[in-house]
Amino acid sequence: MKKFLASVAAAAALTAMPVAAADIIVVAHGQANDPFWSVVKNGVQQAGEDSGANVEFRSPETFDMVQMSQLIDAAVNQEPDGLVVSIPDVDALGPSIRRAVEAGIPVISMNSGSDVARELGALLHVGQSEYDAGKAAGEKLAEMGGTKGICVNHEVGNVSLDLRCDGFAEGFGQEVNVIPTQNDPTEVQSKVRAALESDPDVDTVLGLGASLVGEPAVAAVKALGRDDVLVASFDLSAGFLQSVADGDAAFAIDQQQFLQGYLPVMFLALNAEYGLVPGGDVASGPNLVTKEAAEQVIELSAQGIR
């Protein structure tokens, strides 16, 4: 009897032992100077704390698909319990992602790649439909009186940003020109100002990132005294939200990027421990943040959560 009780106690002790923490690697395309990605990274880190998983966040210094594919390959070689990737260029990144899936590593995509994630073997995607989000923005700006627009693309080559501009043109229903820029607010302000000066009929500006495009676009409009120009932007920053609250910008398009960092890590940690995974993609956006809601979101944006 004593031996039996000892065996039961030993089994109970083993059952109570903590499960080894999952190792999860996140590889994103976001550039180091883009505040948007610092919020994604905050979500990743919070999920690591909440789940107990060991999480690493990696990204190239610039928008470099060769370097990003190498980062994914290096992650696969480490044989983690899960891999989170963004997919801005399926042609460049697809082979590396397939290699991870073939190696038996559970993969979840986030932010970009919703249209190709499943065919690459990802379990699911966390993000928004970029085309639909752009279309919703275009429809709203047309409803607000816009008649001729520009779409300012600060990351040329990112398919997700191209889809935003395409959706915007569809929803806006009137002439839209794409203005390519570098990932530099000073250049963005200069190019937006030049576009407005060269064509006074342009009365609508859509930026694809709040800090890098939305804020300098507002500055360009103010410098010209063009209070007839509607400015909207994807994503959030405290500065751009203040412009929305003050009436200097129309709205921001929130894809809740904190969730794009947080949820994939939590899902992979649960999958590693219990074999659980959602049955479909998770839409983190889009949500239009207008003047009425902007004040409520500013503080959270400044904290790196929204």
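Assorted remarks:
- Any hit, region 245-255, residues being open to solvent by less than 10 Å² (accessible area, probe 1.4 Å), acidic (D, E) and either in contact with a Ser or Thr (Cβ under 9 Å, 6 or more places away or on another chain) or closer than 21 Å to F36 by Cβ (or both): yes
- Applying the set (1) in contact with a helix residue (DSSP H, G or I) (Cβ under 7 Å, 6 or more places away or on another chain); (2) crowded, with 21+ Cβ neighbours inside 10 Å; (3) closer than 30 Å to A22 by Cα to P278 leaves exactly one unmet item: (2).
- Any hit, region 257-275, residues being open to solvent by less than 30 Å² (accessible area, probe 1.4 Å), of a type in the set (A, V, I, L, M) and either outside any helix (DSSP H, G or I) or without any contact (Cβ under 8 Å) to a residue 24 or more places away in the chain (or both): no
- Where a residue in region 162-177 is within 17 Å of M144 (Cβ to Cβ) and its partner, wherever it lies, is open to solvent by 10 Å² or more (accessible area, probe 1.4 Å) and not in a helix (DSSP H, G or I), with Cβ under 8 Å and at least six apart: F168/V176; A169/V176; Q174/T147; Q174/K148; E175/K148; V176/K148
- For region 10-43, the set of residues classified as at pLDDT 85 or above and open to solvent by 40 Å² or more (accessible area, probe 1.4 Å) consists of A21, D23, S38, K41, N42, listed by residue number.
- From S160, S190, S96, residue being in contact with a Ser or Thr (Cβ under 8 Å, 6 or more places away or on another chain) and either in a loop (DSSP other than H, G, I, E, B) or closer than 23 Å to S211 by Cβ (or both): S160
The values are calculated or read from the model by the stated rules, or taken from the named source; none is laboratory data. Please read these numbers as outputs of a predicted model, since none were measured by experiment. Counting neighbours? That spans all protein chains shown, and the Cβs are built from the backbone with ideal geometry, glycine included. With ligands, DNA and RNA removed, areas are computed over all heavy atoms of the protein, side chains included. Shrake-Rupley method; radii C 1.70, N 1.55, O 1.52, S 1.80 Å.
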